Amino acid sequence: MKEKTVKVAVIQAAPCMFDTPGTIKKACELIEKAAANGVKLMLFPEAFIGGYPKGMHLGVRVGIRTPEGRKDFRRYYENAICIPGPETDALAAAAAKAGAYVVSGVIEREENTSTLYCTALFIGPDGKVLGKHRKLVPTAAERLIWGSGDGSTLPVFTTPFGKIGAVICWENYMPLLRAAMYGKGLDIYLAPTFDARESWQISMRHIALESHCFVMTCNQFLPKSAFPTDLLCYDELAGQPDILHRGGSAVINPFGEYLGGPIWDEEGIAYAELDMGQIREAKFDFDVTGHYTRPDVMRLFVSEREQSSFNYENMPDCVFFEEECEEE
């Protein structure tokens with residue numbers, strides 16, 4: 001039987017830019033703090049582990065890359081994490097100690113490529129990595145530093161209190177992706193982001209109304225002081241305000257009403273107690289995946305296959321010799 005209520009938290013904080021060990025330490029402390037308040041599901045912002053280098057262009061112009069920008073990108077790459085890896089082990093240990101689900105934005109790298117991904121990492125209360133979602137489309141200049149995910153990482157996880165899944169930042173403006181996630185039966189819709197505009201709040205409240213799910217959106221509070229001054233392209237931040245990013249983290253109920261936050265212009269944690277039965281109340285007259293569908297008119301196809309440019313088949317040479325012999 002599902003738990004009827006759950007306490008959740010969106011954790012609005014600044015990473016230690018270009019210092020992943022420092023950010024991991026900070027994340028573990030924040031997990032402990034939220035757990036002390038009875039939280040069973042906590043969400044960190046987009047790109048929290050690994051960082052979002054707002055205001056930097058790493059020496060890139062159309063047709064130009066500078067040596068300094070390449071070295072700063074190398075530093076950024078070296079602060080990305082593998083899944084699994086020692087950083088996920090540390091987060092998993094903190095989640096297990098807290099007895100809570102932890103979802104965090106991370107910058108992910110793989111062993112065989114130099115491409116980075118903006119990823120949402122899911123960790124269970126037993127300290128196990130449950131899975132990940134890679135952002136399908138990096139926005140604008142994000143494409144300089146991140147690659148695109150595919151349909152193989154669109155997971156939804158069943159918890160004692162309901163199903164959870166994540167859609168990252170401007171992926172939330174992709175109607176078909178939202179529909180694909182609704183179709184998986186989400187109860188709590190997680191939206192880690194780096195959009196601090198007032199219009200983002202409107203979008204989040206709309207999604208809560210459209211899905212009739214609970215929505216948790218989590219953003220960074222990012223001061224310029226979070227950046228190390230020894231970056232070779234640090235002067236790209238000249239003229240930027242001391243507060244680069246205001247935040248706006250919030251928890252919203254299925255009727256589009258705030259339960260916690262939004263938090264502006266500071267680090268903080270917004271807590272909320274979710275009455276999971278409210279979802280049934282809200283879907284009484286509008287169920288976007290039930291009585292408000294028209295499969296005779298509209299259907300959505302979603303490919304969840306992993307996409308790869310390289311497919312190797314181990315076929316012994318003798319196979320070809322046998323074919324030649326048969327022809328003779």
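Quick notes on this one:
- Residue that is farthest from Ala47 (Cα to Cα) [pool: residues in segment 99-116 that are of a type in the set (Gly, Ala, Ser) and buried (at least 22 other Cβ atoms within 10 Å of the Cβ)]: Ala100
- Residue satisfying all of: in segment 34-49; open to solvent by 10 Å² or more (accessible area, probe 1.4 Å) and in contact (Cβ under 8 Å) with a residue 60 or more places away in the chain; farthest from Thr119 (Cα to Cα) among these: Asn37
- Some residue of segment 16-24 being crowded, with 19+ Cβ neighbours inside 10 Å, part of a helix (DSSP H, G or I) and free of Cβ contacts under 8 Å to residues at least 40 places away in the same chain: yes
- Taken residue by residue, segment 112-122 has at least one member that is touching a residue at least 24 places away in the same chain (Cβ under 8 Å), within 25 Å of Gln278 (Cβ to Cβ) and not polar (S, T, N, Q).
- Test: residue in segment 199-208 that is open to solvent by 30 Å² or more (accessible area, probe 1.4 Å) and in contact (Cβ under 8 Å) with a residue 24 or more places away in the chain: yes
- Options Gly247, Gly256; residue that is crowded, with 18+ Cβ neighbours inside 10 Å, within 22 Å of the chain's Cα centre (by Cα) and either at pLDDT below 95 or not hydrophobic (A, V, I, L, M, F, W, C) (or both): Gly247
- Tabulated pairs, segment 133-148, first under 17 Å from Met174 (Cα atoms) and in contact (Cβ under 8 Å) with a residue 24 or more places away in the chain, second open to solvent by 20 Å² or more (accessible area, probe 1.4 Å) and aromatic (Phe, Trp, Tyr), C-beta under 8 angstrom, 6+ apart or interchain: Arg134/Tyr117; Lys135/Tyr117; Val137/Trp170; Thr139/Trp170
- So Lys163, is it free of Cβ contacts under 8 Å to residues at least 60 places away in the same chain and over 17 Å from the mean Cα position of the chain (by Cα): no
- Per the conditions (1) part of a strand (DSSP E or B); (2) without any contact (Cβ under 8 Å) to a residue 24 or more places away in the chain; (3) small (Gly, Ala, Ser), the sole criterion not satisfied by Ala9 is (2).
- Whenever a residue of segment 174-187 is open to solvent by less than 20 Å² (accessible area, probe 1.4 Å), its partners that are of a type in the set (Ser, Thr, Tyr) and in a loop (DSSP other than H, G, I, E, B), lying with C-beta atoms within less than 7 angstrom and at least six residues away or across chains, give the pairs Tyr182/Thr289.
Let's see how each residue does on (1) open to solvent by less than 10 Å² (accessible area, probe 1.4 Å); (2) more than 25 Å from Gly162 (Cα to Cα); (3) in a strand (DSSP E or B); (4) aromatic (Phe, Trp, Tyr):
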residue: Glu3; (1), (2), (3), (4): no, no, no, no
residue: Lys26; (1), (2), (3), (4): no, yes, no, no
residue: Leu30; (1), (2), (3), (4): no, no, no, no
residue: Tyr52; (1), (2), (3), (4): no, yes, no, yes
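- Residue in segment 220-227 that is under 20 Å from the mean Cα position of the chain (by Cα) and open to solvent by 80 Å² or more (accessible area, probe 1.4 Å) present: no
- In segment 54-94, the qualifying residues are those that are in a loop (DSSP other than H, G, I, E, B) and small (Gly, Ala, Ser), and the one that is most open to solvent (accessible area, probe 1.4 Å) is Gly63.
- Answer residue from segment 117-132, given it is out of contact with any strand residue (DSSP E or B) (no Cβ under 7 Å at 6 or more places or on another chain) and open to solvent by 30 Å² or more (accessible area, probe 1.4 Å) and is farthest from Pro192 (Cα to Cα) among those: Asp126
- Strands (runs of 3 or more DSSP E) fully within segment 157-242 counting 2 or more residues that are among the aliphatic types (A, V, I, L, M) and farther than 21 Å from Gly55 by Cα: 162-166, 188-192, 214-218
The values are calculated or read from the model by the stated rules, or taken from the named source; none is laboratory data. Just so it is clear, the structure is predicted and the values come from calculations on it, not from any experiment. Every residue, glycine among them, receives a Cβ derived from its backbone with ideal geometry; neighbour counts consider all protein chains shown. Quick note on the areas: whole protein, heavy atoms, side chains included, nothing else; ligands and nucleic acids left out. Shrake-Rupley method; radii C 1.70, N 1.55, O 1.52, S 1.80 Å.
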